[in-house]
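Reading through the structure tokens given below for one structure.
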Amino acid sequence: MRYSQVPPRGQSPLHKRVQEGYTVGARSLASRSVTSLARTRVTPNALTTAGVTLCLAAAVLVPFEDRHRLLFYWLGAGVFVVGSILDILDGALARAGGKSTPFGAFLDSTTDRVGEGAMLAAIGLVFARRGNDVAVVFTVAAVAGSFLVPYVRAKAEALGLRGDVGLGSRAERVVVITAGLVLAPWGALQWAIYLLAATAWVTVLQRVLHVRKQLVGGTHVDQ
């Protein structure tokens, strides 16, 4: 059995339109980009592996910022963005080439957490070396919040409910992390982490309340 889906009510109309706009746009661009790739032997799992590898490489680069801030922050940001783009392309390739598999979806979701967690750990290391304890605490909070955001959605969808509302989806988190790295030479990285932690936990709360609203609202069950 499953609960029938209801439209998400945890977002403002403006945020919903903006989020849907760039989500649909990104997926459309990704689908066009993999049309030729779908005819090759490249698999979605290969793109997933390449994406997480690049994100891990970016996480290794960032702590070298003490040698040359502009170079390693920007190089880390660039590699992280490319890895994140591959994460979009693997899903598009799976859809375009009819190569979707349950294991592929599982692998994609798991490696998302690995890549993001590694980058936040690298950023936390930078803060720790500088003795910025407040930023370290917020980085840990950002890690926990960013892991909980997809977890809450998955639990909601396991019940047949909508759990995709909120401000801090992975796309927004990638943008915030990348912007923080690009502007890090001018001291903006800690502020990006503060924003990331706040939006992640607000999103968790939004999703919990949205699930509760669906259950309390008497969402009917389809047999």
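Just so it is clear, none of the values below were taken in a lab; they were calculated from the coordinates. Please read these numbers as outputs of a predicted model, since none were measured by experiment. Positions of Cβ are backbone-derived with ideal geometry, glycine not excepted, and every protein chain shown enters the neighbour counts.
Computed values, structure above
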read-out	value
Net charge of neighbours whose Cβ lies under 13 Å from the Cβ of residue 107, counting Lys and Arg as +1 and Asp and Glu as -1	-2
From phi via Karplus (6.51, -1.76, 1.60), per-residue ³J(HN,Hα) for the stretch 154-161 in Hz, x at Gly/Pro	4, 5, 5, 5, 5, 8, x, 10
Radius of gyration and maximum dimension Dmax of the stretch 64-223, Cα, Å	17.7, 61
Whole-Hz ³J(HN,Hα) from phi, Karplus 6.51 cos²θ - 1.76 cosθ + 1.60, for the stretch 53-68, glycine and proline x	5, 5, 5, 5, 5, 4, 5, 6, 5, 4, x, 7, 4, 5, 8, 7
Span from the the stretch 57-79 Cα centroid across to the the stretch 98-170 one, whole angstrom	21 Å
Local net charge near residue 196, Cβ-Cβ under 11 Å (Lys/Arg +1, Asp/Glu -1)	-1
Net charge, residue 83 excluded, C-beta distance under 12 Å - Lys, Arg +1, Asp, Glu -1	-4
Whole-Hz ³J(HN,Hα) from phi, Karplus 6.51 cos²θ - 1.76 cosθ + 1.60, for the stretch 176-182, glycine and proline x	5, 4, 5, 4, x, 5, 4
